[in-house]
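Step one of this worksheet: look at the structure below.
The values are calculated or read from the model by the stated rules, or taken from the named source; none is laboratory data. Since we're looking at a predicted model, the values are computed, not measured. All Cβ positions, even for glycine, are placed from backbone atoms using ideal geometry, and neighbour counts span all protein chains on display.
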């Protein structure tokens, strides 16, 4: 067992996490029918995480991975976290693609753009951490941003570079230049004291000339815009961390601010010491942009883990930011190590493979005075699939069904089943008098197994799963039973 980023209680809470969101987006409305058609073409043997990974190269798998997971009952906290991590890392290359298509080649602008994408995603998940629920705006979801970029790329491909440049020049001459001149004229004529009037006019004129100069220098203008968006997002994340994260998560708030200090302000301070407002173009390489974006993805991913596992931001993430700020390759190595460790631990916590599907088999019982007969039943049930979910019936239901109270308490019986090492998950106080379809779907059950005496037409206990066509019959096994053990104990004279 690996327990570096998650403790055992945190792993248990993460494994019990259920996805929660509010709102419906424009892309759901427009492309939902298409996704519903495509998802039916995907074989059930394809793992949802494979589609998520393929979504880094093509948008179609990205649109159906969640639907496929729910259709095959393979949706899980592991899949949700992997989906967020891939979307976050993919944002780096999405920003670079958008920049190159727009004709941006200055690496400092590329750095600001990639960081802006990551910060926007971080801000979105910070809200999820504070409320416990992801909120989707109708036109402000990740899908809307993705398709807006696709629309821009398509427009660029259809009309060409010259048409875009001509449209920009026309907008500058017809709208922006007159607007700047009008604002400058208004600012220069505002009534203020005579003492500062001349100085103010000089500043206004200098600002006007600088603005007009930026309009003619496309690279400088794009860098200024990217830098402005970057600063706004850094401030927004910092303010949201201070105001919205609850006081009981003060370690998360403080860790977030330290990560922003090392990841965002340190590069700006470095450039300021070099007498430049912006990062010097020669100081940023492509691998530095990718590695810095990956480190920001680590922060966002750990915010998601903190929400799902009920813990604070891990202190190692802050250490990673501190160490990674001195060398970009170290930054990339630490980011890679984090993702390997966190998904290793989440796979252990959820008992799920990363890139293969699972078949969850459900079996229920009392499991009082658990003995080798119970173990034989659990092993036989597990042979029908890859993962075993065991329902342990509650004390009141046992008393109603068997007309006696179990010798062991519910907690003791649940612990005994877990100690067998055969159950992937144990459901305490499971239904005794019939399984509902809601229970089956909620617990991602693919098959329900039962003993041969329940294979009758008038059986009420497994009527619903039988109608769904997911029941399997366990062969009768002779051997010891709990009732036999109780009888032996009662008839022993030496006890």
Taking residue 54 as the residue in question, decide whether it is touching a residue at least 40 places away in the same chain (Cβ under 8 Å), touching a helix residue (DSSP H, G or I) at 6+ places or on another chain (Cβ under 9 Å) and either over 19 Å from residue 339 (Cβ atoms) or surrounded by fewer than 22 Cβ atoms within 10 Å (Cβ to Cβ) (or both). no
Among the residues in region 411-420, are any surrounded by fewer than 19 Cβ atoms within 10 Å (Cβ to Cβ) and under 21 Å from the mean Cα position of the chain (by Cα)? no
Pull out all pairs, ordered by first then second residue, where Cβ-Cβ is under 9 Å, the residues are six or more apart or on different chains, the first lies in region 433-456 and is over 18 Å from residue 392 (Cα atoms), and the second is loosely packed, with under 11 Cβ neighbours inside 10 Å and modelled with pLDDT under 90. 452/475; 452/476; 453/476
Can you list the helices (runs of 4 or more DSSP H) found entirely within region 38-113 that contain at least 2 residues being modelled with pLDDT under 90? 59-71, 77-101
Can you pull out every residue in region 119-145 that is out of contact with any strand residue (DSSP E or B) (no Cβ under 7 Å at 6 or more places or on another chain), in a helix (DSSP H, G or I) and under 16 Å from residue 81 (Cα atoms)? 121, 122, 124, 125, 126, 129, 142
Restricting attention to region 349-363, does a residue exist that is modelled with pLDDT under 95 and assigned to a helix (DSSP H, G or I)? yes
Among residues belonging to region 462-490 that are surrounded by fewer than 17 Cβ atoms within 10 Å (Cβ to Cβ) and touching a helix residue (DSSP H, G or I) at 6+ places or on another chain (Cβ under 8 Å), point out the one that is nearest to residue 67 (Cα to Cα). 468
Out of 398, 392, 377, sole residue that is under 35 Å from the mean Cα position of the chain (by Cα), touching a residue at least 12 places away in the same chain (Cβ under 8 Å) and surrounded by 19 or more Cβ atoms within 10 Å (Cβ to Cβ): 392
Among the listed residues 102, 69, 85, 47, identify the single one that is out of contact with any helix residue (DSSP H, G or I) (no Cβ under 6 Å at 6 or more places or on another chain), crowded, with 19+ Cβ neighbours inside 10 Å and either touching a residue at least 40 places away in the same chain (Cβ under 8 Å) or under 16 Å from residue 355 (Cβ atoms) (or both). 47
